[in-house]
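In what follows, a single structure is set out as structure tokens and then discussed.
The values are calculated or read from the model by the stated rules, or taken from the named source; none is laboratory data. What you see is a predicted model; the values in this text were computed from it and never measured. Here Cβ is always computed from backbone atoms with ideal geometry, including for glycine, and neighbour counts include all displayed protein chains.
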Amino acid sequence: MTRPGVQESAVRRGWGDLDVLIAHTKMAKVLHDELDGTPGVRLHVGEPDAHRPESGEAGSYGDGTCGEGTGGDRTRGDGSHGHGAGSEGAPGPADPYRTADVVVGYQFPPGSLAGYPRLRWLHLTGTGTDHLAAAGLPPGVLVTTSARVPVDAVAEYAVAGLLHLLKALPDLGRGSGGAWYRSDALMLGGSTVAVVGAGRIGRAVLRRLAALGARTVAVTRPGRTCPVPGADRTVPSDRLAEVAATADHLVLCLPGGPGTRLLAGERVLAALPPHGTVVNVGRAETLDTRALYAALRAGRLRGAFLDVHDTEPLPADDPAWHVPGLVVSPHRAFAFPDEPAQVAQAFLANLHDLRALRSPRDITLWHPEPRATAPTDDTDSTSRTGERTAQ
């Protein structure tokens, strides 16, 4: 684990003059436009897998194009063009991968971060750090995330998914939409919803459910020894099956890791009532999808709404497409129009902290080795499965 002392020493370094590489193709244009003009920042645009230590390709952008060695026009991964020179007009470096002080990106392929000899700070446009060890992130690099940005969007999407199931909305897209004046819709108000994981996203889900009249149970590692504000009850995660037996619905907002893998397993799913539903906006690996599919096929659950999947994008021949009562969402809970702009603002807020010699507000500790204990109770500390290539 990165030692706090290493992070603190990084904060004390100078942050006034920086080469910043934007390595997130889908957000590149907006991020560039939002950050352009920041004093002391020279911007460059590339791709997360374009430079690896063994490649020896100075300026390669991973899409077959190359940056100009003199800092001239550079082809971005999205087909538009950025400039090696930053907003201050200074010449760009010959190879931004080798001279970048800061990298802004989402997910990095194995070995791809080992080729940044000057890297001091990595700002992630998402929440995930679980890929950094394999990517070769050197020790001592400061890591911040954009975990605050998608909280409300994901929470709204989770509640929308639950209402989608309870109000039988999937039926409306099938032919005539069913018999007139009749429905098997259920009420969310008055039902009991167990929210598993109570970090930023889980707490935001709890607030929205309470506003709609649901009784809420927060399921966390410590349980009632550390009550979650806004939840009617807080229960430890080792009692999840017991909670499921008294709940109507289950909403998963968990990170990945050894402590949460298959936490919502066959025993938990079997404890839910026949009218029960499952929503997952956390990590796919926290839910036993085989057990879920079996329960849905057997009619033991009303339905499920999954925004994350074991393989993404989900193959056309994946059995998930044919499971009755299963709504497949293509990993889009995080999305909203201002997301890229807010990611840029999150980066600038952390830069402001660093320049004021404060610990950045979104600093995170990443773990190069698998953790033997359960991680935190939400998706804030590790990425949701799949690409936000997703993001």
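Could you please give the count of residues in the stretch 14-26 that are under 22 Å from the mean Cα position of the chain (by Cα) and surrounded by fewer than 23 Cβ atoms within 10 Å (Cβ to Cβ)?
2
Taking the stretch 273-295 as the region of interest, how many residues are in a loop (DSSP other than H, G, I, E, B), out of contact with any Ser or Thr (no Cβ under 6 Å at 6 or more places or on another chain) and within 8 Å of LEU252 (Cα to Cα)? Steps first, answer last, please.
Our first condition is that a residue be in a loop (DSSP other than H, G, I, E, B); within the stretch 273-295, this holds for 273-276, 281-283, 288.
From the residues that got through so far, the ones that are out of contact with any Ser or Thr (no Cβ under 6 Å at 6 or more places or on another chain) too are 273-276, 281, 288.
Remaining after also requiring within 8 Å of LEU252 (Cα to Cα): 281.
So the count comes out to 1.
Please find, within the stretch 279-329, the residue that is modelled with the lowest pLDDT out of those that are of a type in the set (D, E, K, R) and within 23 Å of LEU209 (Cβ to Cβ). Can you show your working first?
Within the stretch 279-329, the first condition is being of a type in the set (D, E, K, R), and the residues that meet it are 283, 285, 288, 290, 297, 300, 302, 307, 310, 312, 317-318.
From what's left, within 23 Å of LEU209 (Cβ to Cβ): 283, 302, 307.
Details: ARG283: 93, ARG302: 98, ASP307: 98.
Looking at residues that are of a type in the set (D, E, K, R) and within 23 Å of LEU209 (Cβ to Cβ), I get ARG283.
Can you tell which of ALA244, ALA211 is crowded, with 17+ Cβ neighbours inside 10 Å and either under 21 Å from VAL151 (Cβ atoms) or small (Gly, Ala, Ser) (or both)?
When all the criteria are applied, what remains is ALA244.
Filter the stretch 276-334 for residues that are aliphatic (A, V, I, L, M) and touching a residue at least 40 places away in the same chain (Cβ under 8 Å) and give the result. Step through it out loud before you land on a result.
If we filter the stretch 276-334 for residues that are aliphatic (A, V, I, L, M), which is where we start, we get 278-279, 281, 284, 287, 291-292, 294-296, 298, 301, 304, 306, 308, 314, 316, 320, 323, 326-328, 333.
VAL279, VAL281, ALA284, ALA304, VAL308, VAL327, ALA333, listed by residue number.
Could you say which residue among ALA241, ALA231, ALA264 is at pLDDT 95 or above, in the same structural domain as THR277 (by TED's automatic domain parsing) and either among the acidic types (Asp, Glu) or out of contact with any Leu (no Cβ under 6 Å at 6 or more places or on another chain) (or both)? Steps first, please.
Numbers: ALA231 fails: either among the acidic types (Asp, Glu) or out of contact with any Leu (no Cβ under 6 Å at 6 or more places or on another chain) (or both); ALA264 fails: either among the acidic types (Asp, Glu) or out of contact with any Leu (no Cβ under 6 Å at 6 or more places or on another chain) (or both).
Step by step, each of ALA241, ALA231, ALA264 is checked, and only ALA241 is at pLDDT 95 or above, in the same structural domain as THR277 (by TED's automatic domain parsing) and either among the acidic types (Asp, Glu) or out of contact with any Leu (no Cβ under 6 Å at 6 or more places or on another chain) (or both).
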